[in-house]
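A short worksheet on the structure shown next.
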Amino acid sequence: MPLSFFLITVDFKSTIWYNSCMLRRNKTTKFNKEDFTWDGMYLMYRGRHNNSIDMDVAHPNCHPSWKGLPEPAFIARFKYGYKPYKTWINFLVKNSINVEEYLQLAEDIHPRGAMKHFGYTGK
């Protein structure tokens, strides 16, 4: 009886990448109130989440103080009149909304539409 050998090749990089992506998708990150920043117009989130990238990777020429910190994620821009940024922060934190889900919705439609999707009605 002849012996036959089967050669099975596995691309470990893609397998590891696939498994880590699946693990990331299963775990979600909740908003943390202390990680929000407000500069008078833009509400940003500086906390770590599954889709976050470090600043030194996203912007290699960044200031040394940013090394190892996540790149801020855009949450909303309040351009005119009433600026309910504190209400938005409280809503996102208290309703246990996932960072990844909000950012994806805000990118697909717009931030206000994403907040309406989660049940925010505003004033």
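Per-structure values
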item: Residues within the stretch 40-65 that are part of a loop (DSSP other than H, G, I, E, B) and of a type in the set (Phe, Trp, Tyr), tallied; result: 0
item: Residue check, residue 65 closer than 18 Å to residue 112 by Cα and out of contact with any helix residue (DSSP H, G or I) (no Cβ under 9 Å at 6 or more places or on another chain); result: no
item: Enumeration of residues in the stretch 85-117 that are surrounded by fewer than 17 Cβ atoms within 10 Å (Cβ to Cβ) and either at positive phi or part of a loop (DSSP other than H, G, I, E, B) (or both); result: 95, 96, 109, 110
item: Inter-residue pairs, beta-carbon under 8 Å, first among the hydrophobic types (A, V, I, L, M, F, W, C) and in the stretch 60-71, second part of a loop (DSSP other than H, G, I, E, B) and loosely packed, with under 15 Cβ neighbours inside 10 Å, 6+ apart; result: 66/59
item: Test set (1) in a helix (DSSP H, G or I); (2) surrounded by 15 or more Cβ atoms within 10 Å (Cβ to Cβ) - residue 120 fails condition number; result: (1)
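Values in this text are rule-based calculations from the coordinates and carry no lab data. What you are looking at is a predicted structure, and each value in this text was computed from that prediction instead of being measured. Reconstructed Cβ throughout: ideal geometry from the backbone, glycine too, with neighbour counts over all protein chains shown.
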